[in-house]
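For reference, the structure is listed below as structure tokens.
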Amino acid sequence: MTLSPTDNPSEVVVVADAAAAGVGPGPGEPSRPAGGAVPAGASERARPRARRRAARDDSEDRAALSGADWARPSIRWGMGTTHVLLLGTLVVVGLGPVVLLAKYAVTPTQDILRTPMAVFPHGIAWDNLDRAWNDVQISRYFLNTIWLALGSWLAQIVVAATGGYALSVLRPAYGKAVQALVLSTMFVPAVVLLVPLYLTILDPPLLGRSLVNSFWAVWLPAGASAFNVVLVQRFFDSLPREVFEAARVDGAGPYRLFWSIVLPMSKPILGVVSVFAVIAAWKDFLWPLLVLKDPTIQPLSVRLPSIDASTDLGVFLAALAISTVIPVALFLVFQRLFLQGAGLGGAVKG
């Protein structure tokens, strides 16, 4: 830019700042003369827009493919095809077994054996579901599984919430030692604990009677989950301490603080623990097999393998389909909490 003798130096500085910020006449605005002055407010308004534009360009540069790369037809078609193939593979691998199980549940046994991939060549056998529910008595085992899942859920929620509250909010003098002991149990393989845990259930102290063949033998050990305690404790650590201090100033004791302040703020993490607890109890096999020897109180995970050899294939597959209803429904309803829980589970190691 060349200065003329009549140019005002202060106006020239403002014009130069505006040109550097990219300010120009907008749509419908009259163009300014080359030597005209630009108000200082226009330069100030242009700077945030320039910063946002620079940030957007910087984020595009950090991506795997920039905007210029996506503009190339070969890149666009190649990446689009890759995305479609990956999505199709995930759908086949994830939903394929579930869809096949639902199909086999209402397919006659002969069709399953002869033409397993045919779509109902001889009609639909709805009676498979009725026979599985009534003749094989899946209804009884289904109810047993629900009771086991509810008891395990309640035990894990109580222990995780109270344990996390004590370690995170109350913070006793021996809290560090207790936390170290809780974390150390996560490094012990579960198989190593089977024998001592079974001996404890066989002759529990202070009770004087065995807990074998009772739901308490499954409920009580389920509550001793160090992972849930640590998970809830980390969530409680992220809650604002000012709220706790204000409640104490208003006269709230530890029980009132836990029930009226902490629990209402902890619905997300309690939902995550609930989903994990119910799904884990629903699919647990080894421990219920050891402590529930009476067939009348066994869950689906234990009873279904024992009736495989003596049950018609179509009826057995119908029973398997019925047993998957609750886990699939829980995941569909609470999938957001489930995915958040996966992220929180990884954050615990940090």
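A few comments on the model shown:
- When we screen SER66, SER152 for residues that are modelled with pLDDT of 90 or more and either surrounded by 11 or more Cβ atoms within 10 Å (Cβ to Cβ) or not aliphatic (A, V, I, L, M) (or both), the only hit is SER152.
- MET79 meets each of the listed conditions (1) at pLDDT 60 or above; (2) aliphatic (A, V, I, L, M); (3) assigned to a helix (DSSP H, G or I); (4) out of contact with any helix residue (DSSP H, G or I) (no Cβ under 9 Å at 6 or more places or on another chain) apart from (4).
- Options VAL188, VAL195, VAL178; residue that is surrounded by fewer than 19 Cβ atoms within 10 Å (Cβ to Cβ) and under 27 Å from LEU257 (Cα atoms): VAL178
- Unique residue being touching a Leu at 6+ places or on another chain (Cβ under 9 Å), modelled with pLDDT of 90 or more and either under 18 Å from VAL158 (Cα atoms) or crowded, with 16+ Cβ neighbours inside 10 Å (or both) when the list is LEU211, LEU202: LEU211
- Residues of the stretch 153-196 that are under 25 Å from the mean Cα position of the chain (by Cα) and not in a helix (DSSP H, G or I): MET186, PHE187, VAL188, PRO189.
- Under the condition of being under 20 Å from PRO299 (Cα atoms) and not in a helix (DSSP H, G or I), the residues counted in the stretch 211-248 number 5.
- Selection of the stretch 71-123 for residues being among the polar types (S, T, N, Q) and either more than 25 Å from VAL325 (Cβ to Cβ) or within 33 Å of the chain's Cα centre (by Cα) (or both) yields SER74, THR81, THR82, THR89, GLN110, THR115.
- Among the candidates ALA281, ALA321, ALA329, the residue that is modelled with pLDDT under 90 and among the hydrophobic types (A, V, I, L, M, F, W, C) is uniquely ALA329.
The values are calculated or read from the model by the stated rules, or taken from the named source; none is laboratory data. Treat the numbers as computed from the prediction; the structure is a model and nothing was measured. No Cβ is skipped: glycine too gets one built from the backbone with ideal geometry, and neighbour counts run over all protein chains shown.
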